[in-house]
Amino acid sequence: MDIVKEVRDFVEKECKKPTSKYGSEPFEFHFKPVVKYAVKMAGELGADKEVVEIAAWLHDIGSIIEGRGKHHLEGAKIAESKLKELGYPKAKIELVKRCILSHRGSEKVKPKTLEEKIIAEADIMSNFENIGGIFKAAFIFEGLNQEEAKKSVRKKLQNKYHQLNFEESKKEVKPKYEAAMLLLK
C-alpha cells in the first residue's frame, strides 16, 4: 500500500464532499502548494520525507472537516485515526500529529523538530501561491469591502513573509512577496 497516496486521496475526497467547510478549492490551491514546498524542503534539509509529505497533506484536514477554529487540534485527531486505520507505525503517527499541532503561527506553538518546522514553513509559503484565496477569505468569510480587503491581504502577506525562518524560503518567495507589495500599495 502506498500510504502517501492513500492519505492524499483521503484529503481530496474530504475536500470534495458537500460538507467541506471551504469547498474543493483548498485541495488544489492550498494543500498541493504546501506539499510541493514541504517535500522540496524535506529533500534539501534531510528530514523524514514520508512524515513530511503525510503531514503536509493532513495539516489542515481539521479545517476541511470541522472548520477553522481549533483545526490543528481536530486535525491531529483526524490524522491519528486515519493513519491508525491505514496501519501506519505509532511512532510516525506521533511525528505527523506534532507537525499538525505546531503548524499554526497564530497559536504560538513553536515547532521543534525539523519536520514540524518544514510544515509550518511550507504552510506560510503557500500563501504566496494563492493570493486570490486570501482575497476570497477577506470578502466572503471576513465580510470586508475592496479597500479593507486590499489592506488586510497586504498586512497578512507582510506578516507571513516575516514569519519565514529558513533563508531559502525567503529567497524562494521573495519575488512573489515584492510583486504583491507593489500591487497592493
- Condition test on Asn165, is it touching a residue at least 24 places away in the same chain (Cβ under 8 Å) and part of a loop (DSSP other than H, G, I, E, B)? yes
- Query: Looking only at the stretch 105-119, which residues are surrounded by fewer than 19 Cβ atoms within 10 Å (Cβ to Cβ) and either in a loop (DSSP other than H, G, I, E, B) or among the small types (Gly, Ala, Ser) (or both)?
  - Reply: Gly105, Ser106, Lys108, Val109, Lys110, Lys112, Thr113
- Note on the structure: The lone condition Leu45 fails out of (1) over 15 Å from the mean Cα position of the chain (by Cα); (2) buried (at least 22 other Cβ atoms within 10 Å of the Cβ) is (2)
- Query: If Glu147 satisfies every condition in (1) surrounded by fewer than 19 Cβ atoms within 10 Å (Cβ to Cβ); (2) modelled with pLDDT of 95 or more; (3) acidic (Asp, Glu); (4) under 21 Å from Leu45 (Cβ atoms) but one, which is the exception?
  - Reply: (4)
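Name the single residue, out of those in the stretch 54-67 being touching a helix residue (DSSP H, G or I) at 6+ places or on another chain (Cβ under 8 Å) and surrounded by fewer than 20 Cβ atoms within 10 Å (Cβ to Cβ), that is farthest from Thr19 (Cα to Cα).
Step one: filter the stretch 54-67 for residues touching a helix residue (DSSP H, G or I) at 6+ places or on another chain (Cβ under 8 Å), giving 54-66.
Cutting the leftovers down to surrounded by fewer than 20 Cβ atoms within 10 Å (Cβ to Cβ) gives us 65-66.
Details: Ile65: 7, Glu66: 9 Å.
So, considering only residues that are touching a helix residue (DSSP H, G or I) at 6+ places or on another chain (Cβ under 8 Å) and surrounded by fewer than 20 Cβ atoms within 10 Å (Cβ to Cβ), the one farthest from Thr19 (Cα to Cα) is Glu66.
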- Among residues belonging to the stretch 71-103 that are crowded, with 20+ Cβ neighbours inside 10 Å and outside any helix (DSSP H, G or I), point out the one that is modelled with the highest pLDDT. Tyr88
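Quick check, is Ser81 free of Cβ contacts under 8 Å to residues at least 40 places away in the same chain and hydroxyl-bearing (Ser, Thr, Tyr)? Outline the logic, then answer.
On the way: free of Cβ contacts under 8 Å to residues at least 40 places away in the same chain: yes; hydroxyl-bearing (Ser, Thr, Tyr): yes.
In short, yes.
Please enumerate the residues belonging to the stretch 68-82 that are closer than 19 Å to Glu12 by Cβ and either of a type in the set (D, E, K, R) or over 12 Å from the mean Cα position of the chain (by Cα) (or both). I'd like the intermediate steps shown before the answer.
From the stretch 68-82, those closer than 19 Å to Glu12 by Cβ are 71, 74-75, 78-79, 81-82; that's our starting set.
Selection gives Glu74, Ile78, Ala79, Ser81, Lys82.
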- Message: For the stretch 120-128, check the following and say yes or no: at least one residue is surrounded by fewer than 18 Cβ atoms within 10 Å (Cβ to Cβ), in contact with a Cys (Cβ under 9 Å, 6 or more places away or on another chain) and under 28 Å from Val7 (Cβ atoms).
- Response: no
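The values are calculated or read from the model by the stated rules, or taken from the named source; none is laboratory data. On a predicted model such as this, the values are computed, not experimentally measured, just so you know. Don't worry about glycine lacking a Cβ; one is built from the backbone with ideal geometry, like all the others, and counts go over all protein chains shown.
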